[in-house]
Amino acid sequence: MAKNRDSGGLPSRRELLAGVVGTAAVGAGAVAGAQQGESPKPRPRAPEDPTKMQGLVPRPLGERSAFETPRRLVRVLEPSSSSRTPLQYLQGIVTPADLHFERHHGGIPNIDPERYELLIHGMVERPQTFSLADLKRFPAESKLRFLECSGNGGTAFQNQGRYPRMSPQEMDGLTSSSEWTGVPLKLLFREVGARPEATWFLAEGMDAAVMTRSVPMEKAWDDAIIAYAQNGEPLRPEQGYPVRLFLPGWEGNASVKWLRRLELSDRPFMTREETSKYTDPLPGGKARMFSFGMDAKSLITFPTFPERLGGPGWWEIRGIAWTGRGRITRVEISTDGGRNWEDAELQDPVLPKCHVRFRRLWNWDGREATLMSRATDETGYVQPTRDALLAARGSYTRYHYNQIRSWRVESDGQVFFAG
Amino acid sequence: MAAAEDDVVPPVPPEAGRAPPRPELHPGMPGLLNEAEREALAAAREDGLADIGHLPEFGFGETASPERIAAWDIDIGPDGEGLPPGSGSVERGETLYRLQCVQCHGARGEGSQFEALAGRVPGDRFPFAEDRRYRITVGSYWPYATTLFDYIRRAMPQAAPGSLPPDDVYALTAFILQLNGILGPGDSLDAESLPRIRMPARDRFVRDDRRGGPEVR
């Protein structure tokens, strides 16, 4: 890991300056996120008139149209440990599993599902192991929920307006929404006889980092899931195959992937991930620990860099909003840099702890404009400005960057990130 | 059985390979529940169990033997729980470090393109939210020395994680603490002494106070 990359996988300034984080790859019609070093393929061909010939026969495995080449964005300067979702490419709220962002600390392990076991022990009456078949035999539960790395958006926060050529993917591509299926953790904890005095549990992965986080027991009794499926099929390897912990609304790092062990205790374990990393320095010489919840956030995904609007007239401003504290109740949009705000329409379904799609029609007059979005959640929390976040947390706090983002539309239609 | 915030926490029943008694936890440690948090947890437990009250007990899965648990139970608590027998000196740690760690973390733990491991802030201030001149390191930021043992044993060296025997991990932990000015050149570490080390930044950490609502925190 680069020494100056200390915010959950943010690109370093050096990498950004070197232009390796996709800026070199965007433009010229390429979707942001095209891999550097990949030579551009010739444009696929299609018949002049497809009604005059038989089409393809059915195939056992579907593929995207050859004209669609979305890519996650992977850094190339070093062995990378993250890839980012092309948010500006997506519609609706579900992230296709192969475009779901990834972040890991020891690579993606290769695990045989037949040899898989989950061990639960510590402050329990009956320490037990569960095979994958055991887990699948329990009553299942499916939930559409977002997952976001708490380092997401750090470059935008710490480099105010210095990188106008950032797409939503580069800036905030460490968030996704999926349907997650698995066993409610409380069911497993009841099976093993979790003792009432247990206040924390350790979740441990079976990757090369043997990733560990301490999780408050309250989350287990609430909505934690031991997930084995995503968007209808087994988890992708990079999402924790065959089994991961999933903690709805909480920072991604705590949803330990490739889960092999849960140990119940009456104290947190103080692992490296929850001390050296994933703590938030605050003004006044303190740092917040166990800052799990993701505060309300919204992001315009169209129009954004590298888009160029074809001319004045009607355009639909689109984006996503989410909160770890329940439901999004309102998203407002400003087209004049935050002086006036108007409500956007929220697209059904508006689910708790899940991306919500918002839209608002905009009649662009062709003059320079600054677009912003601002989310409110059911607790009454309003997505803060960068200044408000800075005042509360300091300039160089790490993680949880949910400040309002803005996009400048220039008179020629070119859109840039504007801080 | 869990204790109030400012009490000595009694040990949990010993498991295989564990060595009680454990040193007490310091009172301000984030994550030790106060009375109100304890009540909230009891209520959450009741609600959670009520949610699944209509479901039978299934009895799927196998009993895990103490040996089965011991094979995976490698975590070290901030009180030293789980530390294995063994010991290692700063001197031996330096030799091991030069062989297995220096190429990535630098001769004095200054880092390369990889993480820096050593460095203190003058006066042990904690200016990280406002001043980016100082690095987040073991000496400037890590609240517990036990975390170093736990992390090195599970994840380092990067190309051979989990390969170091306890004596080596004690020695490397001791050497990195010496690089940070926390141990002297003649010191050694074992299961008794490691959890007693008080890290410079120990009391800098606070529990999350964000709860939603209108206030930005």
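Looking at B:Ala129, B:Ala155, B:Ala116, B:Ala145, just one residue is surrounded by 18 or more Cβ atoms within 10 Å (Cβ to Cβ), in contact (Cβ under 8 Å) with a residue 24 or more places away in the chain and either more than 10 Å from every other protein chain (Cβ to nearest Cβ) or not aromatic (Phe, Trp, Tyr) (or both), and that residue is B:Ala145. Of all residues in region A:169-212, those satisfying the criterion of being out of contact with any Cys (no Cβ under 8 Å at 6 or more places or on another chain), under 30 Å from A:Ala156 (Cβ atoms) and more than 11 Å from every other protein chain (Cβ to nearest Cβ) are A:Gln169, A:Glu170, A:Met171, A:Asp172, A:Gly173, A:Ser176, A:Ser178, A:Glu179, A:Trp180. Within region A:347-362, the set of residues being crowded, with 17+ Cβ neighbours inside 10 Å and either part of a strand (DSSP E or B) or hydroxyl-bearing (Ser, Thr, Tyr) (or both) comprises A:Val356, A:Arg357, A:Phe358, A:Arg360, A:Trp362. Sub-8 Å Cβ pairs linking a first residue in region B:49-60 that is facing chain A (nearest Cβ under 7 Å) to a second residue that is open to solvent by 50 Å² or more (accessible area, probe 1.4 Å) and not in a loop (DSSP other than H, G, I, E, B), at least 6 apart or interchain, are B:Phe58/A:Arg137; B:Phe60/A:Arg137, ordered by first then second residue. Restricting A:Arg145, A:Arg126 to residues that are touching a Gly at 6+ places or on another chain (Cβ under 9 Å), part of a loop (DSSP other than H, G, I, E, B), at negative phi and open to solvent by 10 Å² or more (accessible area, probe 1.4 Å) narrows the list to A:Arg126.
Being touching a Phe, Trp or Tyr at 6+ places or on another chain (Cβ under 7 Å), in a loop (DSSP other than H, G, I, E, B) and either over 18 Å from A:Gly122 (Cα atoms) or open to solvent by less than 50 Å² (accessible area, probe 1.4 Å) (or both), is that true of even one residue in region B:44-58? The answer is yes; a qualifying residue exists. Across region B:171-188, what is the number of residues that are closer than 20 Å to B:Ser140 by Cβ and either at the interface with chain A (Cβ under 10 Å from one of its Cβ atoms) or buried (at least 19 other Cβ atoms within 10 Å of the Cβ) (or both)? Within region B:171-188, residues that are closer than 20 Å to B:Ser140 by Cβ and either at the interface with chain A (Cβ under 10 Å from one of its Cβ atoms) or buried (at least 19 other Cβ atoms within 10 Å of the Cβ) (or both) number 11.
Only residues that are open to solvent by less than 40 Å² (accessible area, probe 1.4 Å), assigned to a helix (DSSP H, G or I) and within 19 Å of B:Gly184 (Cα to Cα) were counted in region B:88-109, giving 4. Checking each residue in region A:328-378 for being of a type outside the set (D, E, K, R) and within 14 Å of another protein chain (Cβ to nearest Cβ) picks out A:Ile328, A:Thr329, A:Pro352, A:Ala375, A:Thr376.
Of the conditions (1) within 14 Å of chain B (Cβ to nearest Cβ); (2) outside any loop (DSSP other than H, G, I, E, B); (3) in contact (Cβ under 8 Å) with a residue 40 or more places away in the chain; (4) out of contact with any Ser or Thr (no Cβ under 6 Å at 6 or more places or on another chain), A:Ala133 fails just one. Which one is it? Among (1) within 14 Å of chain B (Cβ to nearest Cβ); (2) outside any loop (DSSP other than H, G, I, E, B); (3) in contact (Cβ under 8 Å) with a residue 40 or more places away in the chain; (4) out of contact with any Ser or Thr (no Cβ under 6 Å at 6 or more places or on another chain), A:Ala133 violates only (3). The single condition from (1) open to solvent by less than 30 Å² (accessible area, probe 1.4 Å); (2) touching a helix residue (DSSP H, G or I) at 6+ places or on another chain (Cβ under 9 Å); (3) in contact (Cβ under 8 Å) with a residue 60 or more places away in the chain that A:Arg72 fails is (1). Checked against (1) more than 11 Å from chain A (Cβ to nearest Cβ); (2) in a helix (DSSP H, G or I); (3) under 18 Å from B:Arg196 (Cβ atoms); (4) touching a helix residue (DSSP H, G or I) at 6+ places or on another chain (Cβ under 6 Å), B:Asp168 passes all but a single condition, namely (3). Of the residues A:Tyr396, A:Tyr381, A:Tyr401, the single one that is open to solvent by 50 Å² or more (accessible area, probe 1.4 Å), within 14 Å of chain B (Cβ to nearest Cβ) and not charged (D, E, K, R) is A:Tyr396.
Candidates A:Thr275, A:Thr271, A:Thr279: the one that is touching a residue at least 12 places away in the same chain (Cβ under 8 Å), closer than 21 Å to A:Gly324 by Cα and at the interface with another protein chain (Cβ under 8 Å from one of its Cβ atoms) is A:Thr279. Every test in (1) part of a strand (DSSP E or B); (2) under 27 Å from A:Tyr399 (Cα atoms) is passed by A:Trp314 save one, and that test is (2). Residue pairs whose Cβ atoms lie under 7 Å apart, separated by 6 or more positions or on different chains, with the first residue in region B:192-212 and on the phi > 0 side of the Ramachandran plot and the second part of a loop (DSSP other than H, G, I, E, B), are B:Gly212/A:Arg325; B:Gly212/A:Thr379; B:Gly212/A:Tyr381.
Scan region A:160-188 for residues that are open to solvent by 10 Å² or more (accessible area, probe 1.4 Å) and either of a type in the set (A, V, I, L, M) or not in a strand (DSSP E or B) (or both) and the total you get is 7. When A:Arg64 is tested against (1) at pLDDT 90 or above; (2) in contact with a Pro (Cβ under 9 Å, 6 or more places away or on another chain); (3) open to solvent by less than 90 Å² (accessible area, probe 1.4 Å), just one condition goes unmet, and that condition is (3).
From the residues in region A:217-235 that are within 23 Å of the chain's Cα centre (by Cα) and either facing another protein chain (nearest Cβ under 8 Å) or not in a strand (DSSP E or B) (or both), which one is surrounded by the most Cβ atoms within 10 Å (Cβ to Cβ)? Checked region A:217-235; the qualifying residue surrounded by the most Cβ atoms within 10 Å (Cβ to Cβ) is A:Ala224.
The values are calculated or read from the model by the stated rules, or taken from the named source; none is laboratory data. Small disclaimer: the values here were computed from a predicted structure and weren't measured. As a convention, Cβ positions derive from the backbone with ideal geometry for all residues, glycine included, and neighbour counts pool all protein chains shown. Just the protein is used for accessible areas: all its heavy atoms, side chains included, with ligands, DNA and RNA removed. Shrake-Rupley method; radii C 1.70, N 1.55, O 1.52, S 1.80 Å.
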